[in-house]
1. Enumerate the strands (runs of 3 or more DSSP E) found wholly within segment 169-282, keeping only those where 1 or more residues are small (Gly, Ala, Ser).
2. Give just the number: which of (1) assigned to a loop (DSSP other than H, G, I, E, B); (2) open to solvent by 10 Å² or more (accessible area, probe 1.4 Å) does residue 93 not satisfy?
3. Among the listed residues 223, 189, which satisfies the condition of being over 23 Å from residue 154 (Cα atoms), buried (at least 21 other Cβ atoms within 10 Å of the Cβ) and modelled with pLDDT of 95 or more?
4. I need a count of the residues in segment 122-168 that are open to solvent by 10 Å² or more (accessible area, probe 1.4 Å), assigned to a helix (DSSP H, G or I) and acidic (Asp, Glu).
5. Looking only at segment 353-394, which residues are in a strand (DSSP E or B), among the aromatic types (Phe, Trp, Tyr) and farther than 20 Å from residue 108 by Cβ?
6. Restricting attention to segment 336-352, does a residue exist that is within 18 Å of the chain's Cα centre (by Cα) and in a strand (DSSP E or B)?
7. Would you check if residue 384 is open to solvent by 10 Å² or more (accessible area, probe 1.4 Å), at pLDDT 95 or above and of a type outside the set (S, T, N, Q)?
8. Please find, within segment 241-260, the residue that is surrounded by the fewest Cβ atoms within 10 Å (Cβ to Cβ) out of those that are over 17 Å from residue 175 (Cα atoms) and out of contact with any Phe, Trp or Tyr (no Cβ under 7 Å at 6 or more places or on another chain).
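The values are calculated or read from the model by the stated rules, or taken from the named source; none is laboratory data. If you're wondering where the values come from, they're calculated on a predicted model, not measured in any experiment. A quick note on method: Cβ atoms are made from the backbone with ideal geometry, for glycine too, and the neighbour counts reach across all protein chains shown. Areas reflect the complete protein model, heavy atoms only, side chains present, ligands, DNA and RNA absent. Shrake-Rupley method; radii C 1.70, N 1.55, O 1.52, S 1.80 Å.
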Amino acid sequence: MKRKALKLLWPVVVLSLLLTVGTVWAEGVPGVTDTEIRIGQWGPQTGPAAPWGAVSRGTAVYFDMINEEGGINGRKIKYFMFDDQYNPAKTKAGVKELVEGEGIFGFVGGVGTAPGLAVMDYLTEKGLVWVGPSTGSSHWIEPLKRNVFAVYPQYADEAAALVKYAVETMGKKKIAFFYQNDDFGKGGLEGAHRQLKKYNLELAIELPAEPADRDLKSHTMKLKQADPEVVIMWVMPTHGVILRKTAAAMNFQPTWMTTSALSDAPMMEQITGGLWQGTIFANFAETPDSELPLMKKYYQAYEKYAAKGERWGVFFYAGFGFAEPMVEGLRRCGNDLSQENFIKQMETLKDFKGIFGRITYTPERRQGQKEIFLSEALAGGKVKRLSDWIEADL
């Protein structure tokens, strides 16, 4: 009788031990239980790229909204984010801690080319999905990695579109390029060279700056001496502010163009002290005052869930946009949520439309979005749209 009782109690004892050791994953899929899906993200909340950190806070609000609506197929999203200070070593340590300490199904967003490169191989080895790296690097798509789904348009295509506008629409021929000396900046530089070659033109000057540089006087002087009609900047917000203020002090006033990474016109207007007016830039997401119904819905979520003092801007609601295709893929999985089925369902997305351009994936394609549009910054942080959505694969 005692032996029979022990036999009946054995499954209960085993379950209790498992719960004591850690979470029991549904169907053996890490980061997934019967009631939740664990998603992680890194983003610089402090340091020179801190303005970009709004992306991960925007994703938090988006997931709050999704959870309030009932979650995804009966599961709520449990979201983990951390400040990596745009430091690849911190990114690597934080991601490893989440994966091995908390258990994560996958990652979304994640600001920065260098931080992303620091963890890409690790995520691939662990078989974890990563949707929407918050950077337009070609590393996410070349060579193809089944677990990585890029959303952000390629920096090279953005730069090519800006050069095309400068030459064909504005009639400019003398163009300079100022860039961050890493994969982020070099991606834009490659696109500028590619497009200029079509016109038999070359850059008046191409000038790199190291991420740690804070005195750009000599850089600005070299740019001014090259006497360009247009300067295209491919830098983080800190460098954008320093360059524009230094140029103003030197009475250097070319037409300024820049990447979508500096497309938050109201913020850039504020932190440059009003010097952003006239800047032409690429956009990967709708403008802050968009009348799109989905943007209005997201603004309501921002008002309800965002922390006090949080600003509604491009970087913040980009956190919604990078996560949109991930949520769609999770929904398409139904009750069969696994890494393999998620990848399979993501490959069925065709012209998916949220607040970004159209997104398509196939077994051979991991660059989801190829559309951008161009805008010009006006006084007071206002934005004038210069084009419709255009295919940026030029």
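1. It comes to 175-180, 205-209.
2. Result: residue 93 fails condition (1) only.
3. Result of the check over 223, 189: 223.
4. Of the residues in segment 122-168, 3 are open to solvent by 10 Å² or more (accessible area, probe 1.4 Å), assigned to a helix (DSSP H, G or I) and acidic (Asp, Glu).
5. Once the filter is applied, which keeps residues that are in a strand (DSSP E or B), among the aromatic types (Phe, Trp, Tyr) and farther than 20 Å from residue 108 by Cβ, segment 353-394 yields only 373.
6. Looking through segment 336-352, at least one residue is within 18 Å of the chain's Cα centre (by Cα) and in a strand (DSSP E or B).
7. No; evaluated as a whole, the condition is false for this residue.
8. In this case the residue turns out to be 251.
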